[in-house]
Amino acid sequence: MTVKECYEKLEGSYADMQTRLPDDNLIEKFLLKFPGDETMEKLREAVSKGDIKESFSAAHTLKGISANLAFDKLTKAVTALTEQLRPLTNQADPELLEETEKAYKLVISVLTEYKKQ
């Protein structure tokens, strides 16, 4: 699988990523670091504890990371969750959290498959 094919599978924007990093080796370097990031786990933990401030912080961080990596599907899902949490008065909406989880799992699955090659 090429880097471009990887982006197609995880529903991201390879063209957008190329505007940031025009070299596939550099893109790959950052792609393969993503599974080691603990932000999604921090989000899960904060939500389970009912910590709205930390939930927002983790969602906002994941939004930034996914946007910088041009993971469009994940960015869209976590942006909706971030905006829902932004007033810092609402617990995470379970449906928005589930959409974020699904998009995150897709990215991890595709990157795992990519790394095995």
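Converting the Cα gyration tensor eigenvalues of the chain into ellipsoid dimensions via √(5λ) gives semi-axes, longest first, of 27, 13, 11 Å. For the chain, with all protein chains in place and a probe radius of 1.4 Å, 51% of the accessible heavy-atom surface sits on carbon or sulfur. Couplings for the stretch 47-60, taken from phi via the Karplus curve 6.51 cos²θ - 1.76 cosθ + 1.60 with θ = phi - 60°, read 5, 5, 7, x, 8, 5, 4, 5, 4, 4, 4, 5, 4, 5 Hz in order; Gly and Pro are left as x. The number of Lys pairs in the stretch 29-117 with C-alpha atoms less than 17 Å apart, excluding pairs fewer than 8 positions apart on the same chain, is 22.
Take each peptide in 51-60, 25-34, 92-101, count the other Cβ atoms within 10 Å of every residue, and average; sorted highest first, the result is 51-60, 92-101, 25-34. Using the rule -39500 (n - 2.57) for each DSSP H run of four or more residues, divided by the residues of the chain, the 222 nm mean residue ellipticity is -24000 deg cm²/dmol.
Taking every protein chain into account, the accessible area of the chain amounts to 56 square angstrom per residue (probe 1.4 Å).
The values are calculated or read from the model by the stated rules, or taken from the named source; none is laboratory data. Given the structure is predicted, the values throughout are model-derived calculations rather than measurements. Note that we place each Cβ from the backbone using ideal geometry, even for glycine, and neighbour counts take in every protein chain shown. These accessible areas exclude ligands, DNA and RNA; they are computed on the full protein's heavy atoms, side chains included. Shrake-Rupley method; radii C 1.70, N 1.55, O 1.52, S 1.80 Å.
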